[in-house]
1. What nm value, rounded to one decimal, do you get for the distance between A15 and S100 when each label is placed 7 Å out toward the C-beta?
2. What does the highest-first list of 98-110, 68-80 look like by mean Cβ count within 10 Å?
3. Can you give me the Rg/Rh ratio for segment 57-114, using Cα atoms for both radii and the Kirkwood formula for Rh?
4. Over all pairs of distinct alpha carbons, what does the Kirkwood formula give as the hydrodynamic radius of the chain, in Å?
5. If the chain between Q25 and H6 were fully stretched, how many nm would it gain, using 0.36 nm times the residue separation less the Cα-Cα distance?
6. Over the chain, what percent of the accessible surface lies on carbon and sulfur atoms, probe 1.4 Å?
7. What is the distance, in nm, between label points placed 7 Å from the Cα along the Cα-to-Cβ direction at Q66 and at E33?
8. Tell me the net charge near G79. Cut-off is 9 Å between Cβ atoms, G79 excluded, with +1 for each Lys or Arg and -1 for each Asp or Glu.
Amino acid sequence: MKTITHAGLTLLEVAGAGPLLSTEQDAVDLIGEAYGPDADLIVVPAARLDPQFFDLRNGMAGSFFQKMQQYHRRLVIEGDISEAVAASRALRDFVYETNSVGHHLFVPDRQALLALLARL
(Lines give C-alpha, C1' and ligand atoms only; values in the text may rest on other atoms or scores of the structure.)
Protein backbone atom coordinates (compact mmCIF):
# COMPACT_ATOMS: atom_id res chain seq x y z
CA MET A 1 0.00 0.00 0.00
CA LYS A 2 1.08 3.53 -0.61
CA THR A 3 -0.22 6.94 0.32
CA ILE A 4 -0.49 9.84 -2.09
CA THR A 5 -1.95 13.32 -1.84
CA HIS A 6 -4.05 14.76 -4.64
CA ALA A 7 -6.29 17.83 -4.62
CA GLY A 8 -5.72 18.20 -0.89
CA LEU A 9 -6.91 14.67 -0.14
CA THR A 10 -4.86 11.79 1.21
CA LEU A 11 -5.42 8.51 -0.61
CA LEU A 12 -4.40 5.10 0.65
CA GLU A 13 -3.84 3.06 -2.48
CA VAL A 14 -4.09 -0.70 -2.16
CA ALA A 15 -1.58 -2.54 -4.32
CA GLY A 16 -2.85 -4.19 -7.48
CA ALA A 17 -1.23 -7.50 -6.56
CA GLY A 18 -2.13 -9.47 -3.48
CA PRO A 19 -4.80 -11.68 -1.99
CA LEU A 20 -8.41 -11.13 -2.95
CA LEU A 21 -10.45 -8.95 -0.60
CA SER A 22 -14.03 -9.69 0.32
CA THR A 23 -14.69 -10.05 4.04
CA GLU A 24 -15.54 -7.62 6.80
CA GLN A 25 -12.13 -8.43 8.29
CA ASP A 26 -10.50 -7.36 5.04
CA ALA A 27 -12.36 -4.05 5.34
CA VAL A 28 -11.27 -3.68 8.98
CA ASP A 29 -7.66 -4.33 7.97
CA LEU A 30 -7.86 -1.61 5.31
CA ILE A 31 -9.45 0.79 7.78
CA GLY A 32 -6.60 0.12 10.20
CA GLU A 33 -4.05 0.87 7.48
CA ALA A 34 -5.87 4.14 6.72
CA TYR A 35 -5.62 5.44 10.29
CA GLY A 36 -1.84 5.96 10.24
CA PRO A 37 -1.76 8.40 7.32
CA ASP A 38 -5.33 9.57 8.16
CA ALA A 39 -6.37 8.78 4.61
CA ASP A 40 -9.47 10.50 3.27
CA LEU A 41 -10.08 7.73 0.75
CA ILE A 42 -9.13 4.08 0.48
CA VAL A 43 -8.63 3.15 -3.18
CA VAL A 44 -9.00 -0.55 -3.96
CA PRO A 45 -8.36 -1.93 -7.45
CA ALA A 46 -11.42 -3.85 -8.65
CA ALA A 47 -9.11 -6.73 -9.56
CA ARG A 48 -8.26 -7.16 -5.86
CA LEU A 49 -11.88 -7.90 -4.98
CA ASP A 50 -13.16 -11.45 -4.98
CA PRO A 51 -15.32 -11.87 -8.12
CA GLN A 52 -18.20 -12.89 -5.81
CA PHE A 53 -18.00 -9.39 -4.31
CA PHE A 54 -19.99 -8.14 -7.30
CA ASP A 55 -22.81 -10.66 -6.78
CA LEU A 56 -24.90 -8.57 -4.41
CA ARG A 57 -27.07 -11.52 -3.36
CA ASN A 58 -24.35 -12.91 -1.10
CA GLY A 59 -24.02 -9.71 0.97
CA MET A 60 -20.24 -9.50 0.60
CA ALA A 61 -20.20 -6.00 -0.89
CA GLY A 62 -22.84 -4.76 1.52
CA SER A 63 -20.85 -5.92 4.54
CA PHE A 64 -17.66 -4.42 3.16
CA PHE A 65 -19.26 -1.04 2.46
CA GLN A 66 -21.12 -1.07 5.77
CA LYS A 67 -17.86 -1.59 7.69
CA MET A 68 -16.32 1.37 5.85
CA GLN A 69 -19.34 3.48 6.68
CA GLN A 70 -19.29 2.41 10.32
CA TYR A 71 -15.69 3.62 10.69
CA HIS A 72 -16.26 6.80 8.66
CA ARG A 73 -13.93 5.79 5.84
CA ARG A 74 -14.54 6.48 2.16
CA LEU A 75 -13.99 3.66 -0.29
CA VAL A 76 -13.17 3.95 -3.99
CA ILE A 77 -13.34 0.86 -6.19
CA GLU A 78 -11.08 1.61 -9.16
CA GLY A 79 -11.24 -0.46 -12.32
CA ASP A 80 -13.39 -1.73 -15.12
CA ILE A 81 -16.37 -3.66 -13.77
CA SER A 82 -18.48 -3.11 -16.87
CA GLU A 83 -18.98 -6.85 -17.50
CA ALA A 84 -20.28 -7.43 -13.97
CA VAL A 85 -22.50 -4.34 -14.23
CA ALA A 86 -23.89 -5.46 -17.59
CA ALA A 87 -24.72 -8.88 -16.14
CA SER A 88 -26.59 -7.56 -13.10
CA ARG A 89 -29.28 -4.92 -12.90
CA ALA A 90 -28.91 -4.91 -9.11
CA LEU A 91 -25.19 -4.16 -9.39
CA ARG A 92 -25.81 -1.49 -12.01
CA ASP A 93 -28.31 0.18 -9.68
CA PHE A 94 -25.95 -0.19 -6.70
CA VAL A 95 -23.06 1.43 -8.58
CA TYR A 96 -25.32 4.24 -9.81
CA GLU A 97 -26.74 4.95 -6.34
CA THR A 98 -23.34 4.71 -4.68
CA ASN A 99 -21.83 7.19 -7.12
CA SER A 100 -24.87 9.48 -6.86
CA VAL A 101 -24.51 9.76 -3.09
CA GLY A 102 -20.77 10.25 -3.56
CA HIS A 103 -19.51 9.01 -0.19
CA HIS A 104 -18.12 5.84 -1.75
CA LEU A 105 -17.27 5.68 -5.44
CA PHE A 106 -16.81 3.33 -8.36
CA VAL A 107 -14.48 4.68 -11.04
CA PRO A 108 -13.36 2.94 -14.23
CA ASP A 109 -9.74 4.13 -14.15
CA ARG A 110 -7.17 6.46 -12.60
CA GLN A 111 -8.05 9.35 -14.90
CA ALA A 112 -11.70 9.27 -13.79
CA LEU A 113 -10.64 9.12 -10.15
CA LEU A 114 -8.38 12.14 -10.45
CA ALA A 115 -11.10 14.10 -12.27
CA LEU A 116 -13.57 13.32 -9.47
CA LEU A 117 -11.08 14.30 -6.79
CA ALA A 118 -10.55 17.66 -8.44
CA ARG A 119 -14.28 18.36 -7.92
CA LEU A 120 -14.50 17.23 -4.29
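The values are calculated or read from the model by the stated rules, or taken from the named source; none is laboratory data. Source: prediction; values computed, not measured. Every residue, glycine as well, gets a Cβ built from its backbone with ideal geometry; the counts of neighbours run over all protein chains shown. In case anyone asks, the SASA skips ligands and DNA or RNA and just uses the protein heavy atoms, side chains included. Shrake-Rupley method; radii C 1.70, N 1.55, O 1.52, S 1.80 Å.
1. Modelled inter-label distance: 3.9 nm.
2. Listed from highest to lowest mean packing, they are 68-80, 98-110.
3. 0.96
4. Mean inverse Cα-Cα distance, inverted, gives 14.4 Å.
5. 4.1 nm
6. 53
7. A separation of 2.3 nm, rounded to one decimal place.
8. -2
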